[in-house]
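These notes are about the structure you will find just below.
The values are calculated or read from the model by the stated rules, or taken from the named source; none is laboratory data. Bear in mind that the values here come from a model prediction, so they are computed numbers and not experimental data. Backbone-built Cβ (ideal geometry, glycine too); neighbour counts: all protein chains shown.
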């Protein structure tokens, strides 16, 4: 899986500090070169086996800033390799794509609620 942080992010650092797997980097370390926070999809596990909900969205003060992405599985390999919003890490020259290693994701979130723009958190 992964979640995506969009350009409404106010760079407060809350998500960065609360990610249990260090999948989030700030704008100065965004591998795509964009000046916004970035979630490494090859690292993010949607807080599965860590918390009941993704901590980045739970702590984020900007409603709608964090959205669900497709599961980081072989089925969505093309999504993660062909999207302009990703820059996957490599290991020994091999791209860490879903085929390299699938990641855990929340199976209770249906595919129709996943994809760029489908928000993780909703206004109270």
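Cβ separations smaller than 6 Å between residues 6+ apart or across chains give the following pairs from the stretch 3-17 residues that are more than 24 Å from residue 110 (Cα to Cα) to residues that are in a helix (DSSP H, G or I): 14/59. Just one of the numbered conditions (1) touching a residue at least 60 places away in the same chain (Cβ under 8 Å); (2) within 20 Å of residue 108 (Cβ to Cβ); (3) in a loop (DSSP other than H, G, I, E, B); (4) more than 13 Å from the chain's Cα centre (by Cα) is not true of residue 49: (1). Against the condition loosely packed, with under 13 Cβ neighbours inside 10 Å, more than 14 Å from residue 106 (Cβ to Cβ) and touching a residue at least 12 places away in the same chain (Cβ under 8 Å), how does residue 77 come out, does it pass? In short, no. When each of 94, 39, 25 is tested for being farther than 24 Å from residue 107 by Cβ and touching a strand residue (DSSP E or B) at 6+ places or on another chain (Cβ under 6 Å), the lone residue that passes is 25. Of all residues in the stretch 58-78, those satisfying the criterion of being touching a helix residue (DSSP H, G or I) at 6+ places or on another chain (Cβ under 8 Å) and not in a loop (DSSP other than H, G, I, E, B) are 58, 59, 66, 68. Only residues that are free of Cβ contacts under 8 Å to residues at least 12 places away in the same chain and under 19 Å from residue 6 (Cα atoms): list them for the stretch 84-111, please. Residues satisfying the conditions do not exist here.
Just for the stretch 1-13: of the residues that are surrounded by 16 or more Cβ atoms within 10 Å (Cβ to Cβ) and not in a strand (DSSP E or B), which one is modelled with the lowest pLDDT? Out of the qualifying residues, it is 1. Evaluated against (1) in a helix (DSSP H, G or I); (2) more than 16 Å from residue 119 (Cβ to Cβ), residue 103 falls short on exactly one condition, (1).
Looking at the stretch 36-45, is at least one residue farther than 17 Å from residue 120 by Cα and without any contact (Cβ under 8 Å) to a residue 24 or more places away in the chain? Within the stretch 36-45, none of the residues are farther than 17 Å from residue 120 by Cα and without any contact (Cβ under 8 Å) to a residue 24 or more places away in the chain.
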